[in-house]
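> Got a structure for you, questions after.
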Amino acid sequence: MRIGILGSGLMGGKLGTIWARAGHEVVFSYARSEQKLTKLARDAKGKARAGTPREAAQEADTVLLAVHWSRVDDVLKQAGDVSGKVVVSCSLPMNADDTDLVIAHTSSGAEELAKRVRKARVVSAFGTVPSEVLFDVFEARRKTSRPSLVYCGDDAKSKGIAAQLIRDVGFDPVDAGPLRIARYTEPFTLLIVQLAYEGDEGPELAYRFERFGK
Ligand SMILES: NC(=O)c1ccc[n+]([C@@H]2O[C@H](COP(=O)([O-])OP(=O)(O)OC[C@H]3O[C@@H](n4cnc5c(N)ncnc54)[C@H](OP(=O)(O)O)[C@@H]3O)[C@@H](O)[C@H]2O)c1
């Protein structure tokens, strides 16, 4: 798969690195320094390179949107037309100091994003886990019991692509339904943040759902 990373920070840098190591073609874009993007691409070792948001988006079938909510409009403007592309978003609609959701209950960041890129196919994924756990999950991917990762979206084909990317990182994808379910997954992340960053046990935290009764 050709994947464009829009926002190469904690989430985008790590997910892009993992996908390059899993064999995908990755373009890292949108950081405040060109050197950072070049270093990420070099360290990822696979088929990865640095580029502009426009290059990252135009050459990709799938883009990862991984910027602070306040940067979404800017990065999308720089990326250009994303019609027909799968936009996997881990971006949460947080306020400037990351203390609260600015969209909730009656809509979600994912749904507002979908309104801004009407011809793209938005899937909400990866926003429910801390970046600190991603490499650990990737390292543990051959173990039988994988952590879960919820995702949601309105287009079945795009969700299939997102599910594959979720598996490539080492998670067990859990289809939570249509994009409006991001109204539940986004606040769920605040619980994960509480457990990851407020406890004494460190932020390397993932979750797993188990079903009983069959
Ligand atoms: N971090 C997590 O554990 C986590 C977990 C779940 C969801 N999320 C969500 O995922 C999204 C990304 O989070 P993150 O922690 O990966 O953020 P981050 O580390 O701050 O990464 C954002 C990227 O955007 C770049 N950027 C910011 N302002 C810019 C500008 N003016 N021009 C060019 N590039 C700019 C940053 O550049 P630099 O690299 O130069 O800083 C960085 O590469 C957010 O919406 C967040 O809520 C994060």
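> Are any of the pairs LYS47/LYS159; LYS36/LYS143; LYS39/LYS115 more than 26 Å apart by Cα-Cα distance, and if so, which?
Listed pairs above 26 Å: LYS36/LYS143; LYS39/LYS115.
> For SER148, enumerate residues with amide H under 5 Å from its amide H, sequence gap 5+ or separate chain, H modeled in the peptide plane.
So SER148 has HN proximity to ASP172, TYR207, ARG208, PHE209.
> Mean residue ellipticity at 222 nm from the helices of the chain, using -39,500 (n - 2.57) per DSSP H segment of n ≥ 4 over the full residue count, to the nearest 500 deg cm²/dmol?
Using -39500 (n - 2.57) per qualifying helix, the result is -11000 deg cm²/dmol.
> A follow-up question, please. How much net charge surrounds VAL26 when only other residues with a Cβ under 10 Å from its Cβ are counted (Lys, Arg +1; Asp, Glu -1)?
Charge balance near VAL26 sits at +3.
> Sticking with this one: At a 1.4 Å probe radius, carbon and sulfur cover how many percent of the accessible area of the chain?
50 percent
> Kindly report the accessible area of the chain per residue (heavy atoms of protein chains, probe 1.4 Å, no ligands, DNA or RNA), in Å².
About 51 Å² of surface per residue is accessible.
> Taking each pair of different alpha-carbon atoms in region 143-196 once, compute 1/r for the pair, average those values, and report the inverse of that mean as the Kirkwood hydrodynamic radius in Å to one decimal.
Its Kirkwood hydrodynamic radius stands at 11.9 Å.
> Another one. Mind checking the log10 I(q)/I(0) for region 4-162 at q = 0.09, 0.20 Å⁻¹? Debye, one equal scatterer per Cα, no solvent, two decimals.
For region 4-162 at q = 0.09, 0.20 Å⁻¹, log10 I(q)/I(0) is -0.27, -1.40.
> Rounded to whole Å and sorted largest first, what semi-axes of the equivalent ellipsoid does the C-alpha gyration tensor of region 77-214 yield via the square root of 5 times each eigenvalue?
Equivalent ellipsoid semi-axes, largest first: 24, 19, 15 Å.
> Report, in debye and to the nearest 20, how large the dipole of region 46-167 comes out about its Cα centre when Lys and Arg carry +1 and Asp and Glu carry -1 on their Cβ.
Here the size comes out at about 660 debye.
> Which value, in debye to the nearest 20, gives the size of the charge dipole of the chain about its Cα centre, when Lys and Arg are +1 and Asp and Glu are -1 at the Cβ?
Dipole magnitude for the chain comes out near 920 debye.
> Just the projected area, averaged over all directions, of the convex hull on the alpha carbon atoms of region 1-63: how many nm²?
3.2 nm²
The values are calculated or read from the model by the stated rules, or taken from the named source; none is laboratory data. Just so you know, these numbers come straight off a predicted model, no measurement behind them. Glycine gets a Cβ as well: all are built from the backbone with ideal geometry, and neighbour counts include every protein chain shown. Keep in mind that these areas ignore ligands, DNA and RNA; they rest on the heavy atoms of the full protein, side chains included. Shrake-Rupley method; radii C 1.70, N 1.55, O 1.52, S 1.80 Å.
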